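Trainee: The following block contains the structure, expressed as structure tokens.
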Amino acid sequence: MTPSDPGQLLDDFSALLANDPGALSTQSDYYVPNLHGTGAEDVVALLDRAIRRSHSDAQLYYFSGQRGTGKSTELRRLEILLNGQAGTRAYIIDALDYIGDTHPIDTLDLLLVIAAAFADRLSQPDALGQDLDPQESPLQRFTHWLGAEVEISGVTLGGVKAEFKKQQQSIVQRLRAFDLSRQERVMAECRQHIGQMAEAVQRRWAAQKIVLMVDSLERLRGIGKEATEMFDRVVKVFDGDMNQLRVPGLHMMYSVPPYLPYLTNIKALVQLFMLASVRVCEPPVKARRQARAGGLDAMRQVVERRCPRWRELLSEAALDRLILTSGGDLRQLLRRLLLDTLDEAAFALERLPLSDKDPILHTVVQRHRVEFESLVVQDEYPLLKGIAEQNALDLRHRDELSTVAHFFDVRAVLNYRNGVDWLDLNPLLWDLIAHWQPQAAGNDRGS
């Protein structure tokens, strides 16, 4: 990015942000190492250690993080770390390549998606490829089984994804029509096929440990009246049916929605690792909602990697203001606050670099504040105020569970980690909830 004209520099940076690639490779010029901390604060290092020291099969791990925290990027880093170890092979599959994020998930659907995605991944040349004897290939056996048992026609090796997407609705209808005994049999056969694929990997690569990471499941969400049903489905799959998600011979890792560890008891049953938002503020016990130098610097590096000359467009104080407003949410900073600021600045080039007091920043922040405040309703204010004051959840009614899930989904509540996990509201809601007071005792959550 070398243009001398500030208008061209701004346009080029805006275009880069608007076309952000999402999940990054650790080899990407945009990747910032240690963004979330080092040592015990490095969740990927903790996961890597947990997998390395485990010698038993059928291991289960949950990995979570809100959208915008860089979770998929860090999974790619974990994949590289694991594949660099002798005797280990690790693969990432994306569940939402096969189903939509509003798909009414259940355990049978998920196992079928995992088997299909694993078969597709292993058909690639760097895994098993397609040159195996059809009579011996677990991938071929799986595609034949899909046609016979689940009646997915036209499936070819390496082409499961296309057929699965094409026939998704009819597949779901058939699965829902299975009686309980057939559902249990198909789930068992799914796990068996996944296990056979893993055994083929072990033979091909002389590997003792196979790790399968299932990404994007944290993005499952319900819309409107379906939100509560989706919450119930997610809890049943990852809490109630967790033993069904284990596969003999494999270390299975699932990305899960970030509200699960707060609303269920899964942390006592499964090894769970949470990737938090970048800590741009000090923890509440130290200096409540005060800027944290290390967090600001880390987020500045994210911007610097994308545009080394960003200081020609806005001052450091202006960028810090946007960083603090983002709450450490990478997506909110890059794709919304910063991009919108640059779009406004395109019509005020004479004011570059923008100061933190420039009206453009006020306009952009206020616009996003209004949009964000519309994501919550007044009945939810008492619950939000409790989270803001306690930096934790204190639920008094069971029907608040799905409401909190909604908070995490829309990022009204952000999670942080500093030795211990803690919560705070998205900064765009700070003023609204700070100034809200119950009008009468009858409005209080405890009534």
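Trainee: On a full-extension model of 0.36 nm per residue, what is the gain between residue 316 and residue 166, subtracting their alpha-carbon distance, rounded to one decimal in nm?
Mentor: Between residue 316 and residue 166, full extension yields an extra 49.1 nm.
Trainee: What ³J(HN,Hα) values, in whole Hz, does the Karplus curve 6.51 cos²θ - 1.76 cosθ + 1.60 give for region 89-105 when θ = phi - 60°, with x put for Gly and Pro?
Mentor: Karplus-based 3J(HN,Hα) across region 89-105 equals 10, 10, 9, 10, 10, 10, 4, 7, 6, 10, 9, x, 6, 9, 4, x, 5 Hz.
Trainee: Remind me, relative contact order of region 1-145 in percent, using alpha carbon pairs under 8 angstrom and six or more residues apart?
Mentor: 15
Trainee: Shifting gears a bit: Assuming 1.002 mPa s and 20 °C, estimate D for region 196-323 with Stokes-Einstein, Rh taken as the Kirkwood radius over Cα pairs, in µm²/s.
Mentor: So the translational diffusion coefficient is about 114 µm²/s.
Trainee: Would you mind calculating the relative contact order of the chain from Cα pairs under 8 angstrom and at least 6 residues apart, reporting the percent as a whole number?
Mentor: So the answer I get is 21 percent.
Trainee: Count the net charge of all other residues whose Cβ sits under 14 Å from the Cβ of residue 206, scoring Lys and Arg as +1 and Asp and Glu as -1.
Mentor: Residues near residue 206 contribute +3 overall.
Trainee: What residues from region 278-310 fall in the zone where the backbone N is under 18 Å from a label point 7 Å along the Cα-to-C-beta line of residue 375?
Mentor: Label zone hits: 278-281.
Trainee: Give the carbon-plus-sulfur fraction of the accessible surface of region 1-110 in %, rounded to a whole number; probe 1.4 Å, heavy atoms of protein chains only.
Mentor: 45
Trainee: How large is the accessible surface per residue of region 242-370, computed with a 1.4 Å probe and reported in Å² as a whole number?
Mentor: 39
Trainee: Treating only the Cα positions of the chain as identical point scatterers, give the base-10 log of I(q)/I(0) from the Debye formula at each q in 0.11, 0.12 Å⁻¹.
Mentor: Taken in order of the listed q values, log10 I(q)/I(0) reads -0.94, -1.08.
Trainee: Okay, next question. Please work out whether region 1-151 counts as rounded, prolate or oblate from its C-alpha gyration tensor, where a ≥ b ≥ c are the square roots of the eigenvalues and a/c under 1.5 means rounded, while otherwise a/b larger than b/c means prolate and anything else oblate?
Mentor: In terms of gyration-tensor shape, prolate.
Trainee: Then there's this: List the aspartates and glutamates whose Cα lies under 12 Å from the Cα of residue 209, skipping any in the same chain that are fewer than 8 positions away.
Mentor: List returned: 57, 199.
Trainee: How do 11-18, 323-330, 389-396 rank on mean C-beta neighbours within 10 Å, highest first?
Mentor: Those peptides, ordered most packed to least, come out 323-330, 11-18, 389-396.
Trainee: Follow-up question, since we're still on this one. In square nanometres, what is the average projected area of the Cα convex hull of region 292-364?
Mentor: Mean projected area of the Cα convex hull: 4.3 nm².
Trainee: Placing +1 at every Lys and Arg Cβ and -1 at every Asp and Glu Cβ, with all other atoms neutral, what dipole size does region 339-392 have around its Cα centre, in debye to the nearest 20?
Mentor: Dipole of region 339-392, to the nearest 20 debye: 120 debye.
Trainee: Using a basic spin-label model with each label point 7 Å from the Cα along Cα→Cβ, how many nm lie between residue 225 and residue 288?
Mentor: 4.1
Trainee: Can you send over the carbon and sulfur percentage of the accessible area for region 176-262, probe radius 1.4 Å, protein chains only?
Mentor: So the carbon and sulfur contribution to the accessible surface is 48 percent.
Trainee: Is the shape of region 233-277 rounded, prolate or oblate, going by the alpha carbon gyration tensor and its root eigenvalues a ≥ b ≥ c, with a/c under 1.5 for rounded and a/b larger than b/c for prolate?
Mentor: In terms of gyration-tensor shape, oblate.
Trainee: If a/c stays under 1.5 just call it rounded; otherwise compare a/b with b/c (prolate if a/b is bigger, oblate if not). Do that for region 58-116, with a ≥ b ≥ c from the square roots of the Cα gyration tensor eigenvalues.
Mentor: oblate
Trainee: Find the relative contact order for region 291-435 and round it to a whole percent, using C-alpha pairs within less than 8 Å whose residues are 6+ positions apart.
Mentor: Contact order relative to length: 23 percent.
The values are calculated or read from the model by the stated rules, or taken from the named source; none is laboratory data. Owing to the predicted nature of the structure, the values given are computational and were not obtained by experimental measurement. No Cβ is skipped: glycine too gets one built from the backbone with ideal geometry, and neighbour counts run over all protein chains shown. With ligands, DNA and RNA removed, areas are computed over all heavy atoms of the protein, side chains included. Shrake-Rupley method; radii C 1.70, N 1.55, O 1.52, S 1.80 Å.
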